[in-house]
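Written below as structure tokens is the structure these notes are about.
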Amino acid sequence: MKRVLIVDDSTFIRVQLKSILGKEGFEIVGEAENGLVGVNKYQELQPDIVTMDVTMPEKDGIQALKEIMAINSKANVVMISAMGQERFVMEAVTYGAKGFIVKPFKSEYIIETLNKLI
């Protein structure tokens, strides 16, 4: 079972992702409400996959991605962002993101994207 850390400032999105991933056999090992907490939880929990929102308070997803990749250059981080923020895709990929999901998302696409990392 793949272990997932969900990093998003929206409680609704975190609950939604937990539900979708839990039904597909992913183990949710932690949640974080911003990039600062996300990086700390990544170090503590060492998940197999991280879903990372782009726009968050304290520390945005791009900065958190950079820090996680500095900790583990092989980390599996999938960025999640609202429509209209596609400009972050290239930046995120440059820093090591393994995928990009646009909100509103479809359950099937999330599962497909994360399964590619397994």
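Descriptive notes on the structure:
- When restricted to residues that are touching a strand residue (DSSP E or B) at 6+ places or on another chain (Cβ under 9 Å) and surrounded by fewer than 18 Cβ atoms within 10 Å (Cβ to Cβ), region 38-47 contains 4.
- So GLU58, is it touching a helix residue (DSSP H, G or I) at 6+ places or on another chain (Cβ under 8 Å) and not in a helix (DSSP H, G or I): yes
- Scanning region 1-12 for residues that are surrounded by 13 or more Cβ atoms within 10 Å (Cβ to Cβ) and more than 11 Å from the chain's Cα centre (by Cα) yields LYS2, ARG3, ASP9, SER10.
- Candidates LYS74, LYS98 - the one that is surrounded by fewer than 18 Cβ atoms within 10 Å (Cβ to Cβ) and basic (Lys, Arg): LYS74
- From LEU5, LEU17, LEU36, LEU65, residue being part of a helix (DSSP H, G or I) and in contact (Cβ under 8 Å) with a residue 40 or more places away in the chain: LEU17
- Subset of region 13-37 (residues that are within 14 Å of GLU112 (Cα to Cα) and surrounded by 17 or more Cβ atoms within 10 Å (Cβ to Cβ)): LEU17, ILE20, LEU21, PHE26
Read-outs: derived from the displayed coordinates by stated rules, not from any lab. Please read these numbers as outputs of a predicted model, since none were measured by experiment. Methodologically, a virtual Cβ is constructed for each residue, glycine included, from the backbone with ideal geometry; neighbour enumeration extends over all protein chains shown.
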